[in-house]
Structures are given as C-alpha cells and as structure tokens.
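Have a look at the structure below before the remarks.
Throughout, read-outs are computed from the coordinates displayed, never taken from laboratory work. As the structure is a computational prediction, the values presented were derived from the model and not from experiment. Glycine gets a Cβ as well: all are built from the backbone with ideal geometry, and neighbour counts include every protein chain shown.
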Ligand SMILES: Cc1cc2nc3c(=O)[nH]c(=O)nc-3n(C[C@H](O)[C@H](O)[C@H](O)COP(=O)(O)OP(=O)(O)OC[C@H]3O[C@@H](n4cnc5c(N)ncnc54)[C@H](O)[C@@H]3O)c2cc1C
C-alpha cells in the first residue's frame with residue numbers, strides 16, 4: 001500500500017483499510033442486459049436498456065465497479081487534493097471510496113460557507129455550511145484524509161508532486177488542483193495562475209496534474225459543476241491506475 005509520503009518529519013497520511021474487491025469486466029460485444037442487472041441483479045439494476053447498450057458500445061474494455069470496489073487496481077495511488085470546496089471534496093470522495101490514498105489540504109475557506117443552495121440537484125434546500133459538513137464527513141468516513149493546512153508551494157518531483165504545507169513536504173503521484181481563485185502557487189508546476197486549461201477529465205498540460213471547478217471555470221461558478229469536475233478527474237485517475245476505463249456504480253441488492 002502506498003501512501004501520501006511526508007518528508008521532513010511530517011505526518012504520513014495513512015491509507016484506508018484494504019478490502020477485497022469485486023469487479024465486472026465487460027469485453028467488447030457484451031450485450032446491454034449484462035450491464036442492466038442480469039446475473040446477481042446488483043450491478044446497474046436501474047440502468048435502462050438503452051443506456052446500458054450505449055455504455056457497452058462506447059467501451060471496448062470497460063470495467064464496471066460494483067459497489068465501489070477496485071479489486072484489480074495495481075495498488076493504491078497517492079493523490080493530493082488542494083482545496084476543500086465541492087470540487088476537491090468530490091474528487092476525494094470518489095478516490096477514497098475506491099480505496100485510493102487521498103489527502104485533502106485546505107482550511108475550510110470555500111465560498112460555499114456563504115451560500116444557500118436551492119440549485120444542487122437532489123437537495124431542495126441546504127446551507128453551504130451544512131453541505132460542506134456532510135461532504136467532509138462522507139470523505140473521511142470512506143478513508144480520505146483532511147489536513148487543515150494551507151499549501152504554500154507546489155513542485156514536480158521524480159515520483160509526481162511535492163506539496164509544502166505547514167513547513168513540511170508531502171509527496172504524491174497525482175495532484176488535483178481545486179483551489180478556486182487563489183492559484184498563484186500552481187506556477188510552481190508550470191501552470192498559469194488563472195483559468196487553468198483542462199480537458200473534459202480535468203487533465204492539465206502537466207502529466208498527472210488535474211484541475212477542477214472554479215479554478216478552471218472562472219465564468220461558470222456553480223457548486224454542482226465543481227462537484228462534477230471533481231468526479232470526472234477522480235474517475236480518470238482511477239482509470240489510469242486500472243489501465244482501462246472505470247465507472248463507479250452502486251445499486252440496491
Ligand atoms: C455568496 C455566494 C453564494 C453562492 N451561492 C451559490 C449557490 O446558491 N449555488 C451554487 O451552485 N453556487 C453558489 N456559489 C458558488 C459556489 O460557492 C462555488 O461554485 C463553489 O464554492 C466552487 O467550488 P470549488 O470547489 O470549485 O472552489 P472553492 O469552493 O472556491 O474551493 C476552493 C478551496 O481551495 C482552498 N485553497 C485555495 N488555495 C489554497 C491553498 N494554497 N492551500 C489550501 N487550500 C487552498 C480555498 O480556501 C477553498 O477552500 C456561491 C458563492 C458565493 C460567494
């Protein structure tokens with residue numbers, strides 16, 4: 001099990017406990033109903049047939065994670081997320097749920113703390129503060145770590161990225177930039193300090209560095225967009241680690 005490394009006497013973040021994994025590998029040509037809940041009836045039971053067919057067509061070697069297990073990943077990748085708004089916490093949730101070693105650095109500075117949400121799908125009305133408390137609890141319940149510290153510097157290293165916070169150095173293979181508008185330190189890894197460009201999966205021009213939410217969309221600032229970005233980046237990291245496309249689906253038994 002790898003973990004977020006910490007040098008200079010810092011706190012090495014411990015990873016979540018390992019669990020036996022389970023996955024359903026879908027080879028090219030597998031019929032839609034196989035995705036739609038045939039077999040043990042658990043996986044994607046609620047998927048409409050056409051959605052299943054579309055998924056099957058789109059994925060030549062897609063792996064559908066059942067109930068969040070990543071049993072065949074090569075190992076536990078270390079990921080540092082900088083920023084604890086909905087973008088960073090969403091990325092951390094997906095990564096922690098799938099047994100990756102994820103650490104979020106932030107100091108509860110999200111603008112969400114001032115918001116009253118009526119436009120987050122599935123939640124008719126919630127204060128941003130309550131939303132943030134629930135989101136953080138979700139992340140830590142699944143093994144993600146929250147470090148109450150401001151990141152002062154970012155740099156690339158032979159193994160990925162080095163993050164300086166509270167006078168300590170932390171290492172990780174992947175970096176997720178979820179820092180809203182305070183982006184000055186990303187210059188340390190060669191990225192611009194405003195509106196960092198990314199593809200649909202949050203990939204930046206720097207290998208294994210992702211950017212999500214407000215940090216990449218300064219003109220489309222909505223909590224649910226940031227959360228979606230975080231999920232996309234996390235799935236991309238999980239897929240890279242697995243060497244094939246992954247989805248994280250759960251269903252009722
Ligand atoms: C008054 C107000 C009301 C709003 N109402 C709504 C609404 O009703 N609905 C809606 O969808 N959106 C609303 N928003 C917008 C919403 O707050 C943003 O869309 C959302 O916060 C963006 O999330 P994010 O994760 O991209 O970035 P942010 O939430 O900005 O999170 C960035 C985080 O990174 C941290 N950070 C930055 N630099 C560092 C560093 N060096 N080290 C450690 N941490 C760092 C910041 O402190 C912060 O915690 C509102 C915003 C405001 C200001």
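Computed quantities for the displayed model
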| item | result |
| --- | --- |
| Per-pair calculated FRET efficiency, R0 = 41 Å: residue 140 and residue 247 via Cβ, rounded to 0.05 | 0.95 |
| Net lengthening on full extension, residue 159/residue 108 (0.36 nm per residue, minus Cα-Cα) | 15.5 nm |
